[in-house]
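Colleague: Here you go, one structure.
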Amino acid sequence: MTLKKVNPDLEKERSTCTFNIEELTNLLDTGAHCTAERRAVEDKVFSVKELKDEIPDEFLSHKERYENAIRKSVFLHKVLQETGVKRGVYNRSDKSDFRTTYYSIFKDGSPFMLQYSMFVPTILGQGDSEQVELWYKRALNMEIIGTYAQTELGHGTFIRGLETEAVYDEKTEEFILNSPSLSSYKWWPGGLGHTTNYCIVMAQLKIKGKPYGMQPFIVQIRDEETHMPLPGVKVGEIGAKLAFNTVNNGFLGFEHVRIPRRHMLMRFSQVSKDGKFTSSANPKLAYGTMVMVRVTIVNSAATYLSRAVTIAIRYSAVRHQSKLKQNEPEPQILDYVTQQHKLFIGIATSHAYMFCSYWLWDVYVMYQKEQNVGNFDRLPELHALACCLKVISSSDCTGLVEKCRMSCGGHGFMMSSNLPQLYGISTATCTYEGENTVMLLQTARALVKAWELGSRGRPFSPTMSYFAEKNVPSKWDSSLEGILNAFQKVSIGKLSSSVSSLQEYTKSGLSAEDAWNKASVQLIGAAEAWGRAVVLSIYKSEIERYGQTVSPALKSVLFDLVELYYVHLTLEKMGDLLLYTQLSEKDVVSLRKKYEDLLEKIRPNAIGLVDAFDYRDEVLNSTLGSYDGFAYERLMTEAMKSPLNAEPVNQSFHKYIKPLMKGKL
Ligand SMILES: CCCCCCCCCCCCCCCCCCCCCCCC(=O)SCCNC(=O)CCNC(=O)[C@H](O)C(C)(C)COP(=O)(O)OP(=O)(O)OC[C@H]1O[C@@H](n2cnc3c(N)ncnc32)[C@H](O)[C@@H]1OP(=O)(O)O
Ligand SMILES: Cc1cc2nc3c(=O)[nH]c(=O)nc-3n(C[C@H](O)[C@H](O)[C@H](O)COP(=O)(O)OP(=O)(O)OC[C@H]3O[C@@H](n4cnc5c(N)ncnc54)[C@H](O)[C@@H]3O)c2cc1C
C-alpha cells in the first residue's frame, strides 16, 4: 500500500488556517531564537539511535523498563551535555526549556528526573557558596546522582510531623541520622530505589535534645564504586504505581548514620562546630525548593494538556463517524459541536496556563532577587500564588487531558495513543509537591490574613488589590473586562462569606482551628475563586501585551481563544456568578450563543492552533496524533509489536484451552 504524504483531511484543515503558524510557535516558545534552539536540541536528541525504543515500553517487564529507562537517561544526559543544555533547569535565562523533549524520551518518566528538578536546585538554593561549589559541580558532572527525600510513610503533607532525626554530636562534629519508626521511613522520592547514591534528606534537627525544625542535609546512601547501600542505610523501590513506573520512586531508612557537620545545607540556617544554631531570617526558606517546583508545575500542566489536545484534535480531524446529514458522507468527528466543546477549551486552557506560567516565573525570579537582599515582604503572596496556580493548573489540565482521551473514543484507551500515560503523569501533579486541597487551604490562609489586615487599613498585594474595591452591584457586562470584574466579585464574595463564617463559628464558641476546619469547604472555594481571577487577569493582560507585537491575523486568533476561555468559564461557573453578580438568564442565553459562535470561528484554525505547539511525532509518541494523520496505519503497526502477535498460536492454547475444550482438564 502506498501512502500519501499527509492524510487529505489534515491537508484540507491546514489550508483553512488564517494565521502564520510559525509566528504562534515562536510566541509560545517565548521567541524565535528559543524555537530554533529547541529544534536544534530535538534534531540532535532524536537522531540518537540509542534513544529509540525497539519494543514499546508497555510490553517490557517492570525490571526491563527500569533498565531501559536508565540506559536512555544516560545517553540523553550525554547528548544534552554535548548540546550545551543546562538551561531548562539550572541556568534558566529565559522561559522556554527542554522538559517536553526530555519527557518524550520516556513515556513514564526518567529515574534522573529528581536529580534535575529538585536535587540540584536544592543544592543551589539551600547551600552556602562553599557547599554549592563542592556539590553542584559533582552533580552537574553526574559524579553524584541525587533526589529530594522529604515525604515519609507516615507524613507527606504535614512537614512539621516528619520523624527522621538529625542529631548533632558536637564531639565528632557529625549529625546522626535516624529513622525512629516504620512511619518515619522516607517514601516516594524519585530515583531513590536503585538509582541515586546521594540525596537531600529533610530531617528534624536536634542539638542537645532541643528541636530546631526541618533542615536539609546532603546524605550519601550508596558507595560511589560498588553502589551498595552504605552501612545503616535501608533503601529500595516502593513498587508499581498509576504512572511514573520508570522513575524508580523509593523508600529509605537510617540506623544511626553519621554525616559530617558541613553536610547540612547552611545557606539560611547554620550549626557551628560547638553546636550553636543560627536561625534563618525566615524559617520558611527551608521550603524554598517546593515553591520553585510548584511554580514550574504550572508550565508542565500546560504542556501535558497541549500534547493531549494536539493528539485529540488531529485524530478528530481524520476520524469520520455517524451522520450529520443523511445524504452526506460521515463527517469528521471534529465537525460535531460537542466535540469542539470538549477540545477547543483545551487549546485555550493550555495557552492560559502557559502565559501565566511565564508571568509567574518572572514573579518568582523577582522575588528571589528581593530575598537575596533580605526582603521577604512578597513571600506570602508568592507562596499563595505558587500553591493556588499549581492547584488550578494541575486539576484543570488533568481534567482536560482525560477529556481528550475520552474524546478519542475507544482508540484513546490504547496505550499507543499515549493519552493514558499523559493522564497518569498529569494527575500526579495534583498530588505531588503539595496535595491540591492542602495547597488551596494554604492559599486561603494567606487570603484570610490579607483580608483581615486589609480591613484594618493595610494595603493589599498586587494580585489582591481588587479586595479593596467596594462590592457594589453593577449591571452585567459581557466584555472581557466585565467578565474579569465579575470573577473578582465572586472572589470577594466567597472570601468575605468565608471570613464571616469563621467569625460566626468562633463567636459560637469554636476554637479558631475548629472554626477553620468547619469552614474549610468554603475556604477552598474562596482560594479557587482568587486563583481563577488571577488567571483570567494575567491571561488577558499577557495577550493584550503580545497583541501589540504580533500580526493582526494572529492577534485575532489569540483573542478568540481568550474570549472562548472567558465565556466557557462564565458558563461553567454560572451558579457563583448568579449569586455574586447581576448575571441574568438573558445574559446567559446570549453568552451561550457567543460561545457557539466562537466554536464555529475557531473551527477552521483548530489544526493550525495545535500544529503551532510544534510537537514532533517523536514528542507526541502517539498513534493517533501524528502530523501526517495516518492513525489507523499506525495503530495496526503498533499492534503488530505485541509479543503475542509473534506467533499465530500461543502455547497456552495447548496447555490449558485445548484440554478444557476436550474435557481433559
Ligand atoms: C548538563 C546536562 C543538564 C541536563 C539538563 C536536562 C534538562 C531537562 C531535564 C528536565 C527533566 C526533569 C523534568 C522535571 C519535571 C518536574 C517534575 C517534578 C517532579 C517532582 C516530584 C515531586 C516531588 C515532591 O513531591 S517533594 C515533596 C513535596 N511536599 C510537599 O509539598 C509537602 C506539602 N506541605 C507543605 O508544604 C507544608 O507542610 C504546609 C505548607 C502544608 C504546612 O506547613 P507548616 O505546618 O510548616 O506551615 P503552617 O503552620 O501551615 O504555616 C506556617 C506559615 O508558613 C507559611 N508557609 C508555609 N509554606 C510556605 C512556603 N513554602 N513558603 C512560604 N511560606 C510558607 C504559611 O503560609 C504560614 O504563614 P502565616 O503567615 O503564619 O500564615
Ligand atoms: C508521583 C509522585 C512523586 C513523588 N515524588 C516525591 C519526591 O520525589 N520526594 C518526596 O519527598 N515526595 C514525593 N512525593 C510525595 C508527595 O509530595 C506527597 O504524596 C504529597 O505531598 C501528598 O502528601 P501525602 O501523601 O502525605 O497526602 P496526605 O496528606 O496523606 O493526603 C491524604 C488526604 O488527606 C487530606 N489532608 C491532609 N492534610 C490535610 C489538611 N491539613 N487539611 C485538609 N485535608 C488534609 C488531603 O487533602 C488528601 O485528601 C511524590 C508523590 C507522588 C504521587
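The values are calculated or read from the model by the stated rules, or taken from the named source; none is laboratory data. Note that the coordinates shown come from a computational prediction; the quantities given were computed from them, not determined experimentally. Ideal geometry is used to build each Cβ from the backbone, glycine not excepted, and the neighbour counts take in all protein chains shown. Note: accessible area is taken over every heavy atom of the protein model, side chains too, but ligands, DNA and RNA are not part of it. Shrake-Rupley method; radii C 1.70, N 1.55, O 1.52, S 1.80 Å.
Colleague: Please report the net charge: other residues with Cβ closer than 12 Å to the Cβ of residue 407, K and R +1, D and E -1.
Modeller: On the way: positive: 314, 319, 342, 403, 405; negative: 402.
Around residue 407, the surrounding residues sum to +4.
Colleague: With a 1.4 Å probe and every protein chain kept in, tell me what percent of the accessible surface of segment 145-280 is carbon plus sulfur.
Modeller: Numbers: 3040 of 5600 Å².
Using a 1.4 Å probe with all protein chains present, segment 145-280 comes out at 54 percent carbon and sulfur.
Colleague: Setting aside same-chain residues fewer than 8 positions from residue 52, which aspartates and glutamates have a Cα under 18 Å from its Cα?
Modeller: 42, 43, 64, 67, 108, 617, 618, 638
Colleague: Additional query: Give me the net charge for the shell around residue 252: Cβ to Cβ below 12 angstrom, other residues only, Lys and Arg +1, Asp and Glu -1.
Modeller: On the way: positive: 186, 222, 234; negative: 152, 237, 255.
In short, 0.
Colleague: Now a separate question. With viscosity set to 1.567 mPa s and temperature to 4 °C, compute the Stokes-Einstein D of segment 404-561, Rh being the Kirkwood radius across alpha carbon pairs; µm²/s, no decimals. List each step's numbers first, then the result.
Modeller: Numbers: Rh = 18.7 Å.
Approximately 69 µm²/s, per Stokes-Einstein.
Colleague: Can I ask one more? Pairs 475/518; 171/206; 107/655; 403/594; 325/555: which exceed 25 Å Cα-Cα? Numbers along the way, then the final one.
Modeller: On the way: 475/518 34 Å; 171/206 15 Å; 107/655 35 Å; 403/594 22 Å; 325/555 35 Å.
Where the Cα-Cα span goes over 25 Å, the pairs concerned are 475/518; 107/655; 325/555.
Colleague: In addition: Which loop-located trypsin sites (Lys or Arg not before Pro) does segment 264-360 contain, where loop means any DSSP state but H, G, I, E or B and the Cβ has at most 11 other Cβ atoms within 10 Å? Let's see the in-between values first.
Modeller: Numbers: sites: 267, 273, 276, 284, 294, 307, 314, 319, 323, 325, 342; in loops: 267, 273, 276, 319, 323, 325.
In loop regions of segment 264-360 (DSSP not H, G, I, E or B), the sparsely surrounded trypsin sites (Lys or Arg not before Pro) are 273, 276, 323, 325.
Colleague: Also, quick follow-up: How big is Rg to Rh over segment 244-394, alpha-carbon atoms, Rh as the Kirkwood inverse-mean-distance radius? Intermediate results must be reported in sequence, preceding the final value.
Modeller: Numbers: Rg = 24.4 Å, Rh = 19.9 Å.
Using Cα coordinates only, the ratio equals 1.23.
Colleague: So, with a 1.4 angstrom probe, what is the percent of accessible area on segment 433-477 that is carbon and sulfur? Walk me through the numbers on the way to the answer.
Modeller: On the way: 1470 of 2730 Å².
Roughly 54 percent of what the probe reaches on segment 433-477 is carbon or sulfur.
Colleague: So what is the calculated 222 nm ellipticity per residue for the chain, using -39500 (n - 2.57) for each DSSP H run with n of 4 or more, over all residues, to the nearest 500 deg cm²/dmol? Please list the in-between numbers first.
Modeller: Values: 22 runs with 336 residues, N = 665.
Per the formula, -16500 deg cm²/dmol.
Colleague: Segment 415-475: which GluC sites (Glu not before Pro) are DSSP loop and have at most 14 other beta-carbon atoms within 10 angstrom? Don't skip to the answer; put the middle values down first.
Modeller: Details: sites: 433, 435, 452, 469; in loops: 433, 435, 469.
Filter output for segment 415-475: 435, 469.
Colleague: Could you state the number of Å between the C-alpha centres of segment 484-551 and segment 171-191?
Modeller: About 39 Å separates the Cα centre of segment 171-191 from the one of segment 484-551.
Colleague: So, one more: Tell me the label-point distance for the pair residue 278, residue 336, using the 7 Å Cα-to-Cβ offset, in nm and rounded to one decimal.
Modeller: With each label point 7 Å from Cα toward Cβ, the separation is 6.7 nm.
Colleague: Using the crude model of +1 on Lys and Arg Cβ and -1 on Asp and Glu Cβ, and no other charge, please compute the dipole size for the chain relative to its Cα centre, in debye to 20. Intermediate values should be presented prior to the final figure.
Modeller: Values: 78 positive and 75 negative charges, 160 e Å.
The calculation lands at about 780 debye.
Colleague: Per the Debye formula with a single identical scatterer at each Cα and no solvent contribution, what log10 I(q)/I(0) holds for the chain at q = 0.06, 0.07, 0.12 Å⁻¹?
Modeller: Rounded to two decimals, the profile gives -0.38, -0.51, -1.37.
Colleague: Enter the accessible area per residue of the chain (Å², integer; probe 1.4 Å; all protein chains in place).
Modeller: Working: 29450 Å² over 665 residues.
Per-residue accessible area for the chain comes out at 44 Å².
Colleague: Please go through segment 1-41 and write out the trypsin sites (Lys or Arg not before Pro) that DSSP classes as loop and that have at most 13 other C-beta atoms within 10 Å. Write down the numbers at each step before the final one.
Modeller: Details: sites: 4, 5, 12, 14, 38, 39; in loops: 4, 5.
Filter output for segment 1-41: 4, 5.
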